[in-house]
Amino acid sequence: MLPAATWVTAAALVTPVAFALVSSPVVAEPGPETSISASPTESSSPIISESPSTPAPEPSTTAPTAPPVNPVTPELQMEMDLDALGLPTGKVDGYVNASTRRALCAYRDLNGLGATRGQPGTALMSKISSSSDLPLLPRKLFGVKALVSLTCQTAYITNNAGYIVRVLPVSTGKDNGYHETRRGFKRVYWKYNGWQASSLFPEPDGRPGLYRPIYFDRGIAFHGVRKPVKTKPQSHGCVRTWPKDQDWLWKRLKVRDRVFVYGNYWSKKTASLGGYSKA
């Protein structure tokens, strides 16, 4: 057993060592995976140079150029005047074609200038432009409800007072022989409401070819057709019309109404209104 002094000395030696072990801080060495970040530096913001704003362009004060306008030629003006009078000019385009000449013929016919399909002159154009309405029929023709001009290929539909209420484009008999549309004063004697087949001239496809016929002379009638109504005679003797015109005419003409057929398509010029006008 050690003497007491020895224990004291040993304790004195151990205590500082233990104190040193306890009081010394433990610092871990950085390992290979430990990263040391540098102190952050001030980030340099990009310098944006502001260019001076471009001013908006001022609105243009120059008016836009208008598209070119087709000039109104004398022929176009004449067609517009004829159309305004209710004459069948066809397409109003400034070109004098067969439809235009039909309307010109009707104007001459009704105004006592002689019925002809010839080209117009400046004097006629001027007269047409000054016309505001179609003339009254001569008194001798009062009471005739439908006049058919073979020269002009038109039909004039009138009222009891002698005024022309409508001018229709028509196509009549294709010759002056077997297929002619006979001239003279006639009367409506029968009307059929619907499509009717012709016993003498059946259609090639077998379908009825006469639309709402209005008979006025021994088998000759006003009637509509499926085919176009030409500006020249093409029928077997009847007076062909467009179906829409025939619908109107069928309601207008009555049994016993008078019809007058006159003129000659193959003559260069014929008397106005079959000679009942001053011309």
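Of note:
- Remark: for residue pairs K145/K251; K145/K254; K91/K269; K91/K268; K127/K174, the C-alpha separation exceeds 21 Å in K91/K269; K91/K268; K127/K174.
- 5 angstrom amide H check on K186, placed H, neighbours 5+ away: V259, F260, V261
- Model label sites at R182 and T73, defined 7 Å from Cα along the beta-carbon direction, differ in position by 4.5 nm.
- Packing-based ranking, highest mean first, of 76-85, 178-187 given that Cβ atoms within 10 Å are counted: 76-85, 178-187
- The 3J(HN,Hα) values that the Karplus relation (6.51, -1.76, 1.60; θ = phi - 60°) gives for region 210-222 are, in residue order, 10, 9, 6, x, 10, 8, 9, 7, 6, x, 8, 9, 6 Hz. Gly and Pro appear as x.
- D93-K191 FRET efficiency (beta carbon distance; Förster radius 41 Å; 0.05 resolution): 0.65
- Ranked H223, H236, criterion: other C-beta atoms within 10 Å, fewest first: H236, H223
- Annotation: the antiparallel percentage among DSSP beta bridges lying fully within region 175-279 is about 80.
- Beta bridges by DSSP in region 74-275, antiparallel share as percent, to the nearest 5: 70 percent
- When Rg and Dmax are taken over the Cα atoms of region 74-275, they come to 16.3, 50 Å.
- The mean sequence distance of close C-alpha pairs (under 8 Å, at least 6 residues apart), as a share of the length of region 88-136, puts its relative contact order at 28 percent.
- With a Förster radius of 30 Å applied to the C-beta separation of K254 and R139, the computed FRET efficiency comes to 0.85.
- Cα→Cβ-extended label distance, 7 Å offset, between K227 and R207, nm: 1.3 nm
- Each residue, A84 and S126, gets one label point 7 Å from its Cα in the Cβ direction; the gap between the two is 1.8 nm.
Read-outs: derived from the displayed coordinates by stated rules, not from any lab. Model, not experiment: these values are computed from the prediction. Methodologically, a virtual Cβ is constructed for each residue, glycine included, from the backbone with ideal geometry; neighbour enumeration extends over all protein chains shown.
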